[in-house]
Amino acid sequence: MGLDGAQGHGERTTAAPATPMPHQRPRRPAAPPPFDLPAWVAAPRPEAAPGIYRQGYAQVDPDRAEDAKVPTWPLLLRAGLNAVVGWFAYLYGTQLMTYVLVWFGGQTGIGPLAEPSQSEAMFTLLIVNVLVLAVVIKIFGRMGRWPEVWRRYVAPLMARTVTREEPAEEGAAAQAERTRDPWAALRLGGAAVAAGRLDGEPTGDVDYVRIQRAWESAQADPVFVPAFVEQVVARGAAAFAHPSEARELAGRDERHDLLLSQVRLGTAQDVPKNPLTHRAAGFALDPSLLGTSLLAVGPAGTGKTARLARPVAEGLCLQALAGTACAVVIGAADAELGPDAWYDVVIAPGDQGSVYGLDLYGAVQDPDEAAARLAEALLPDELTARAETARTALQQVVGPFRAGFGRYPAVRELRALLGGEPEALEALVKALRAAGRLGAYERDLEQRERQRGRADDPGALLADRLALLDRPAFEGAFATDGTGRPPFAMRVLDHPLRVRVKLPERSHPEAARMLSRLVVGQFVQAAAAREDRSLFAGLVVDDASAALDAHIVRGLQRLRAANAGAVLLLRTLVDLPEALRAPLFGAVGCRMVFPGIAPWDGRLFSEAWGTHLVRETAVTHAPDTSGGLVRRAGRLGRKALSGTTAQTESVTTRDVERLRWSPSDLAHALPAGHAVVSLTAVSGEQVPPLLVDLRG
């Protein structure tokens, strides 16, 4: 007790100075400012190239972009020298032109200055001055680049002067812009009562996009307008809420523009390798880009999860709350892909506290299709050569089981059938006979019986692989008879759901690899088979090294037309079979490289990005042998005195093809916190590789 009391006394003494004094008020964290909906809606969003964050984007003037290539001091010095020379040329030019006209008039007796009146002489001199001044400005202004100086320095200075002189008018215009009515469409469309109800409530960007989407749907048929008004009047900003009743994500980032479904990731750098339109502009992804799928490669610790996977997952979850997307996020249980509160369904095989299980068959109605997908997920990369026989063996038992029992087999039942256990086969035959389906599946069962016990029996291989899922830790996670956890199936991708799959990579790494292949394959299959494709179906895979096979790579190409896409993260391309790397690069439209990749990985990206024309200047020096005897003697004397040989310099400029990014640059020259990304939109519009700072 004495030690405990002394320790407690010491702790109180240490914490005492942190307690506020009686005359001090405890500091409270500042509350975030309320969301300014009118300003957010009224923010300019001009049309821009893919990958540009359009909210508040200022379009780049091509002339100014070209002007920025010339340094300031050489530009101003050249402009000043041409102005001085032009002034003298103007003075002497007007005198010369006046003298010529006077001489010509005196010699010929004709012309305006032969016997001029005062008004005629003044008019003629004015014309002469204007003509000379125009010629001087044309010649010396072009050489001194005066228009460029005007655009870069004079025009901005005049604009700032006008702004200081008229602050009241500018402030009024800005205030009018900020107070633009966000519910004007409702008032004009006959829902003024609903708009008035929304005016009196705090409304966030998720609420605004969700209600606007419902209003657009209601306008398709005037019959639905009264129902829309009734819902808004009753619930206000919570009208048409997500089934979870969530209207915001806890701890979300504010870099998302839900009005355009854009997720801002960083800023494109102002470097010559980046296109002029993207330099210093915000970098963002949206469904038109994610619809072509994105492949990101980078070692661990370079920010793939924190700066790419998590923001994209967050943006998709917010779009799901707004009713415009559904999200499936796959990663290890300890991956930082957002808290569980972000998601409606959290599937954690290996965690007994998980509420939902996983349907191994994806709720596919065709048993042969379901068995084929499961067989491809069960086999590792080194056994893909036996995929066809394994697929057939699995179909020979899954189809008969579903016909006899009216459901798909559970893991233990499937393992027993593939292993050839007599009790399991007898029970299956008995169920088929009772259902009157034995004749349709008798040949499959006989074929399965003939292969049992052979050295090349694929059933034994599949049974061994299924043993990895038939563990006590996975009890109830893959139930098909209704006794375990409710199984989640990918057929619900036409609803705005948010799904998180936590893989047990630490405790059961090989099982995690199989489940990763299975879930990704089910997503690709279900997304392409949707009838209602109004929602964007987004998939984020934190580590896709185990999830990719030939079937999935082929399926990625079909996602473009299905309003769906995937974000696939890899540590290195070496984790994939060599025969799969080139098809994967061709299947995805967006490619991203993080710092620290290996040169052999950089070579594939460099080849995919190709070459472009670069203007190259070559300077060559050669001994000067021109001139006569005097010049040669002078050069010999100079060489004797200084030890250097007089040389001539020749400059050659030509356009040559160079790699946009060489493998060496990608492997060694990328700064930390940056990435190089190329983009392709669903429409086919492409953006060359961009150097992007992901830290801001």
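Here is how the numbers come out for the structure above:
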read-out	value
Rg in Å to one decimal, and Dmax rounded to a whole Å, for segment 623-696 via C-alpha atoms	25.7, 72
Additional length obtainable on full extension of the chain from residue 153 to residue 649, 0.36 nm per residue less Cα span	175.0 nm
Two-site FRET efficiency, residue 686 against residue 245, from Cβ-Cβ distance with R₀ of 45 Å, rounded to 0.05	0.60
Relative contact order for the chain, counting Cα pairs under 8 Å that sit 6 or more residues apart, in percent	15 percent
Structure-derived Cα Rg over 2.2 N^0.38 Å - corresponding label in (1) 0.95; (2) 1.55; (3) 1.40	(3)
Dipole axis of segment 347-464 (+1 Lys, Arg; -1 Asp, Glu on Cβ), positive-most option in 367, 436, 447	436
Amide N of segment 392-409 lying under 20 Å from the label point, which is placed 7 angstrom from the Cα of residue 467 along Cα→Cβ	393-394
Point-to-point label distance, residue 83-residue 598, nm (Cα→Cβ direction, 7 Å offset)	6.0 nm
Exposure ranking of 304, 502, 138, 273 by accessible area [1.4 Å probe, largest first]	138, 273, 502, 304
Burial order of peptide ranges 348-359, 476-487 (average beta-carbon count within 10 Å, highest first)	348-359, 476-487
Tilt relative to the chain, helix 578-587 - C-alpha long axis, 0 to 90 degrees, to 10	60 degrees
The chain, helix-only ellipticity at 222 nm - DSSP H runs n ≥ 4, -39,500 (n - 2.57), divided by all residues, nearest 500	-14000 deg cm²/dmol
Normalised contact order of segment 373-528, rounded percent, pairs of Cα under 8 Å and 6 or more residues apart	29 percent
Mean Cβ neighbour count within 10 Å, used as a protection proxy, ranking 492-499, 619-626, 191-198, 454-461 highest first	492-499, 191-198, 454-461, 619-626
Relative contact order (%) - segment 522-582, alpha-carbon pairs under 8 angstrom, separation at least six	44 percent
Cleavage-rule hits (trypsin sites (Lys or Arg not before Pro)) in segment 334-420: DSSP loop, at most 14 neighbouring Cβ within 10 angstrom	407
Cα convex hull volume per residue for segment 260-413 (Å³)	192 Å³
Sites residue 142 and residue 199, calculated FRET efficiency, Cβ-Cβ separation with R0 56 Å, nearest 0.05	0.45
Two-site FRET efficiency, residue 220 against residue 355, from Cβ-Cβ distance with R₀ of 41 Å, rounded to 0.05	0.65
Principal-axis tilt of helix 438-451 within the chain, Cα atoms, nearest 10 degrees	80 degrees
Stretchable slack from residue 447 to residue 72, in nm (0.36 nm times residue separation minus alpha-carbon distance)	126.7 nm
Nearest-ten-degree value, helix 225-235 long axis tilted from longest Cα axis of the chain	80 degrees
Three semi-axes of the equivalent ellipsoid, segment 465-511, Cα gyration tensor, whole Å, largest first	23, 15, 9
Segment 403-518 - Rg and Dmax from Cα coordinates, angstrom	16.6, 48
Lys, Arg +1 and Asp, Glu -1 on Cβ, resulting dipole of segment 357-474 about Cα centre, debye, nearest 20	320 debye
Peptides 627-638, 604-615 ordered by average Cβ neighbours within 10 Å, highest first	604-615, 627-638
Difference of contour (0.36 nm per residue) and Cα-Cα distance, residue 365 to residue 492	44.3 nm
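The values are calculated or read from the model by the stated rules, or taken from the named source; none is laboratory data. Being a predicted model, the structure only gives us computed values, none of them experimental. No Cβ is skipped: glycine too gets one built from the backbone with ideal geometry, and neighbour counts run over all protein chains shown. Just so you know, the surface numbers come from the protein's heavy atoms only, side chains and all, with ligands and any DNA or RNA stripped out. Shrake-Rupley method; radii C 1.70, N 1.55, O 1.52, S 1.80 Å.
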